[in-house]
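Right, one structure below, let's go through it.
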Ligand code: GDP
């Protein structure tokens, strides 16, 4: 098969959600779809999935913090589906954000009973900033939730994106009857634990369906659909692909209900790998030479295997095991002999990969997050990975002052690698670390102990709102104190860590001339 054909088979996406919205449940359903296809060659399978207690779930439960990221892949019809896990819960970290730079689209799960929650909002903003197409799955229709129209309004207002309901629910919770599949022009009937049934619109008139069609909820939903058809936004694949419109699906990952319809439609619309921006212009995914960038480095938490794995998003050409590539930042050439695909818990050797695929390579302590690897003579860098504004801050010191040399070296390397962000207090010069999630501190501490042999202590500063100052202006240091801590970042820019929104507002009111910038 040609490189072009390989690229056109690939669909690489991540599922984002707030904890408990149903990401694990939905992912499992999708793996079930993949698994059944492999064994039985059919899409619609029995409900009692063999995959329910799949291996990766077991590993997920036991994993601690060692396997925070994985890629799941399977064949679906003629497609190669790559799902990137975006860890949630206490595992939330900058890696979670960076994973979004390696996908071509995103599925956003919203819990119908809760609407948009904090973590969804954060991840969504990153997708919007990067123009990643977003598909929405509103989950838990089997429970009493918010009204569908209210949910759409909330998405449009809070997230500032146009919505297009691909289907429309009839009732909810105990009164949930099913959905109108606007795209496939059929009614999908919810049958509790039994498999859903599909009734084409034109057959709804038949007497045998009167039991459903005569219900008030059905009639009400029918009217709503008619209204949407007439007065709602038009569907535009172009707007979806540019991240301006999100197709919305309703269903239940647990029942499961509406998952097949969602996945079929989503996967047919989701983009294949697109050309990507580099410092030397766009690079086509099917151009002959291999290139890719590192979006994550995982130091193995298991002291028995002190290896580091760099995760590469392949962006062009063909990756072949054993090939030589150039690290764009230094010009140094590396032979990629130990390549692996981190499929959930297992590491399978990868012999070849194409744009859209994610591979893990052994890192001889040479790579940094954001590095570009290229085959051949070309010289370019993929768009710099964005830095994300940290929210949690801690002062860090070495327990043993005699170890300050290792301490500084460790911090420098871990910061350079992108594991955590570093700031220095303007007055005291003390080291302040910034992260988006608590996990980053656990990993930092662990790695300082195991890789640099330094025990570290943290002094919590807590959640802060960082705002950068205009770099051209001279700062009046007397304006700042503990509640509005003046620090500088790695590049020497001054910023203020405000204790809370109140402190920020107060400062703004009292210093109207000082400009403050938010990074995201
Ligand atoms: P995650 O934290 O986003 O991965 O969420 P999980 O998939 O672990 O789901 C959180 C909880 O919600 C679990 O108890 C699930 O069984 C439940 N859940 C997930 N999907 C549904 C659904 O469609 N309906 C109902 N009633 N519960 C669901």
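Looking at the range 459-479, can you tell me whether even one residue there is closer than 26 Å to residue 308 by Cβ, surrounded by 16 or more Cβ atoms within 10 Å (Cβ to Cβ) and outside the structural domain of residue 119 (by TED's automatic domain parsing)?
Taking every residue of the range 459-479 in turn, none turns out to be closer than 26 Å to residue 308 by Cβ, surrounded by 16 or more Cβ atoms within 10 Å (Cβ to Cβ) and outside the structural domain of residue 119 (by TED's automatic domain parsing).
Against the list (1) surrounded by 15 or more Cβ atoms within 10 Å (Cβ to Cβ); (2) under 26 Å from residue 105 (Cβ atoms); (3) touching a helix residue (DSSP H, G or I) at 6+ places or on another chain (Cβ under 6 Å), the condition residue 139 fails is (3). Scan the range 144-191 for residues that are out of contact with any strand residue (DSSP E or B) (no Cβ under 8 Å at 6 or more places or on another chain), more than 21 Å from residue 208 (Cα to Cα) and within 15 Å of the ligand (Cβ to nearest atom) and report the count. The total comes to 4.
Among the residues of this structure, residue 95 does not count as one that is within 24 Å of residue 370 (Cα to Cα), at pLDDT 85 or above and more than 14 Å from the ligand (Cβ to nearest atom). Residues that are in a helix (DSSP H, G or I), within 6 Å of the ligand (Cβ to nearest atom) and crowded, with 23+ Cβ neighbours inside 10 Å within the range 18-34 comprise just one, 23.
Return yes or no: is residue 112 at pLDDT 95 or above, over 11 Å from the mean Cα position of the chain (by Cα) and within 16 Å of the ligand (Cβ to nearest atom)?
Details: at pLDDT 95 or above: yes; over 11 Å from the mean Cα position of the chain (by Cα): yes; within 16 Å of the ligand (Cβ to nearest atom): yes.
The answer is yes for residue 112.
Residues satisfying the criterion are present in the range 377-384 (criterion: more than 29 Å from the chain's Cα centre (by Cα) and either over 30 Å from residue 290 (Cβ atoms) or part of a loop (DSSP other than H, G, I, E, B) (or both)).
Filter the range 234-262 down to the residues that are in a helix (DSSP H, G or I) and either away from the ligand (no atom under 16 Å from the Cβ) or buried (at least 23 other Cβ atoms within 10 Å of the Cβ) (or both) and list them by number.
Step one: list which residues in the range 234-262 are in a helix (DSSP H, G or I), which gives 237-241, 259-262.
Listed by number, the residues that qualify are 237, 238, 239, 240, 241, 259, 262.
Screening residue 425 with (1) buried (at least 18 other Cβ atoms within 10 Å of the Cβ); (2) in contact with a strand residue (DSSP E or B) (Cβ under 9 Å, 6 or more places away or on another chain); (3) at pLDDT 85 or above gives one miss only, at (1).
If the condition is being buried (at least 16 other Cβ atoms within 10 Å of the Cβ), in a helix (DSSP H, G or I) and either out of contact with any strand residue (DSSP E or B) (no Cβ under 7 Å at 6 or more places or on another chain) or outside the structural domain of residue 165 (by TED's automatic domain parsing) (or both), then the range 109-136 contributes 119, 122, 126. Scanning the range 309-323 for residues that are over 16 Å from residue 103 (Cα atoms) and modelled with pLDDT of 95 or more yields 317, 318.
The values are calculated or read from the model by the stated rules, or taken from the named source; none is laboratory data. Everything numeric here is computed off the predicted structure, so don't read it as measured data. Virtual Cβ from ideal backbone geometry, glycine too; neighbours counted across all protein chains shown.
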